[in-house]
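S.K.: Before I ask anything, let me first share the structure, which is written out below as structure tokens.
The values are calculated or read from the model by the stated rules, or taken from the named source; none is laboratory data. Since the structure is predicted, the reported quantities are computational estimates derived from the model, not experimental observations. Please note: Cβ atoms are built from the backbone with ideal geometry, for glycine as well, and neighbour counts cover all protein chains shown.
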Amino acid sequence: MLGEKCDVIEAVVFDMDGLLVDSEPVWFEARRELLSRFGKRWTDADQEGLMGVSTATWVAYVWEKLEGAMARDEVLEHVVGIMAASYEHGDVPLLPGAVDALDYCAARFRVGLASGSPRVLIDAALTGADWHRYFEVVLSSDECAHGKPAPDVYLEVLRRMQVSPAQAVVLEDSSAGVRAGKAANAKVVAVPRAYTAPDDPGIGLADARIDSLRSLPDVLDAM
């Protein structure tokens with residue numbers, strides 16, 4: 001359900017993982033493979049708890065699960081290396097409606113990308129999918145002081161675009177991402193995945209909720 005109408009929409013800012021790219025299975029397998037080397041398990045609950053968080057947060061979590069068996073920078077290098085290799089070989093798993101949503105927004109609004117992924121993975125995914133052309137500003141939360149759910153990455157993207165948050169719509173799939181967009185004082189459309197709890201309190205903060213990016217034109221028109 002929509003709240004107050006947005007000012008004239010100047011910009012739409014996309015998240016990437018779980019919204020445009022179905023990266024969670026790839027993240028899961030990369031982390032599972034690393035943990036299994038040391039006789040440890042990576043579970044669905046572990047994965048869900050890290051959706052939308054910064055690189056520093058998930059690296060610290062995996063490092064703790066490993067009980068110091070690897071240095072933190074080695075954890076980062078191993079997991080990100082698997083992900084980047086997959087993307088660079090053109091294996092970027094796009095989510096339904098992603099291309100149409102980007103085409104729709106790029107034809108009508110200024111478009112930015114604010115992702116919690118490391119910059120190397122963002123660039124690899126955008127190159128593999130041939131998506132650089134869509135985005136005026138691309139930023140990783142690793143390049144900001146605080147990751148999601150802090151608003152830093154959205155505020156910085158909008159600052160660089162010279163767009164007021166009151167004239168921006170954020171698109172997110174995760175609880176942390178929705179909280180970040182709301183903390184930035186933008187309107188937020190949540191597109192949660194099937195495995196997201198239906199009563200997730202973070203998702204509930206969104207101004208609108210849709211099941212697929214295919215429904216994005218209708219909800220943006222209503223805003």
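S.K.: Of everything in the range 89-112 that's at pLDDT 95 or above and of a type in the set (D, E, K, R), which residue is nearest to I210 (Cα to Cα)?
M.R.: In this case the residue turns out to be D100.
S.K.: Kindly indicate whether G18 is closer than 30 Å to A208 by Cβ, assigned by TED's automatic domain parsing to the domain that holds D207, within 22 Å of the chain's Cα centre (by Cα) and crowded, with 18+ Cβ neighbours inside 10 Å.
M.R.: Answer is yes for this residue.
S.K.: Pick out, from the range 29-94, the helices (runs of 4 or more DSSP H) lying fully within it that include 3 or more residues that are over 20 Å from A114 (Cα atoms) and touching a residue at least 24 places away in the same chain (Cβ under 8 Å).
M.R.: In the range 29-94, the matching helices (runs of 4 or more DSSP H) lie at 72-88.
S.K.: For the range 122-148, name all the residues that are surrounded by 17 or more Cβ atoms within 10 Å (Cβ to Cβ), touching a helix residue (DSSP H, G or I) at 6+ places or on another chain (Cβ under 8 Å) and aliphatic (A, V, I, L, M).
M.R.: Once the filter is applied, which keeps residues that are surrounded by 17 or more Cβ atoms within 10 Å (Cβ to Cβ), touching a helix residue (DSSP H, G or I) at 6+ places or on another chain (Cβ under 8 Å) and aliphatic (A, V, I, L, M), the range 122-148 yields A124, A125, L126, V137, V138, L139.
S.K.: If you don't mind, there's one more thing I want to ask. Of the residues D221, D200, only one is over 19 Å from R108 (Cα atoms) and either in contact with a Cys (Cβ under 7 Å, 6 or more places away or on another chain) or at pLDDT below 95 (or both); which? Give the derivation first.
M.R.: Values: D221 fails: over 19 Å from R108 (Cα atoms).
It is D200.
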